[in-house]
Amino acid sequence: MTAAWPATLPAQSDDHSYQETPQPAAIRFEPEVGAPIGRRRSTVQLSTVTFAFVLTTAQVAVFEAFVQDTLAGGVLPFTIAHPRKGSTVTVYLAGETPYRIAAFSPDAWSVSFSALVRE
């Protein structure tokens, strides 16, 4: 069963840092002679979405435990609310670094991650 975003963490991502990049749905090949050849890569629509949250120190600990324990270090998928659509989607953490933490205020941290969203 796919894990769900922890209920103790904010349900909605910060809109100010939102980015969504659709993954190419087609593969193109240019042969030595003739017109380019293309085909659909997959029927699954994938996008890379940036999620960002302002968390308290205690919430950061919950988030880190979620990634390390529940997601096996960020390998397993989980469900979360899509920042733009509001629907629940299944995502995988994307990139070499599973997440980033930056200081926001004395007891608040900006936590962000990129995820591959399967729609």
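Summary table
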quantity	calculated
Top-ranked residue in region 55-68 [being of a type in the set (G, A, S) and surrounded by 11 or more Cβ atoms within 10 Å (Cβ to Cβ); ranked as farthest from the chain's Cα centre (by Cα)]	A61
Matching residues, region 5-34, being free of Cβ contacts under 8 Å to residues at least 60 places away in the same chain, small (G, A, S) and surrounded by 10 or more Cβ atoms within 10 Å (Cβ to Cβ)	A25
Output for region 36-54, where each listed residue is within 17 Å of the chain's Cα centre (by Cα) and farther than 10 Å from A115 by Cβ	V44, Q45, L46, A52, F53, V54
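Residues checked against (1) touching a residue at least 60 places away in the same chain (Cβ under 8 Å); (2) over 30 Å from P106 (Cα atoms); (3) surrounded by fewer than 12 Cβ atoms within 10 Å (Cβ to Cβ); (4) charged (D, E, K, R):
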site	(1), (2), (3), (4)
L46	yes, yes, no, no
T70	yes, no, no, no
H82	no, no, no, no
G86	no, yes, yes, no
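Each value in this text was obtained by applying a stated rule to the coordinates, not by laboratory testing. Only a predicted model underlies this, so the values are computations on that prediction, with no experimental measurement involved. As a convention, Cβ positions derive from the backbone with ideal geometry for all residues, glycine included, and neighbour counts pool all protein chains shown.
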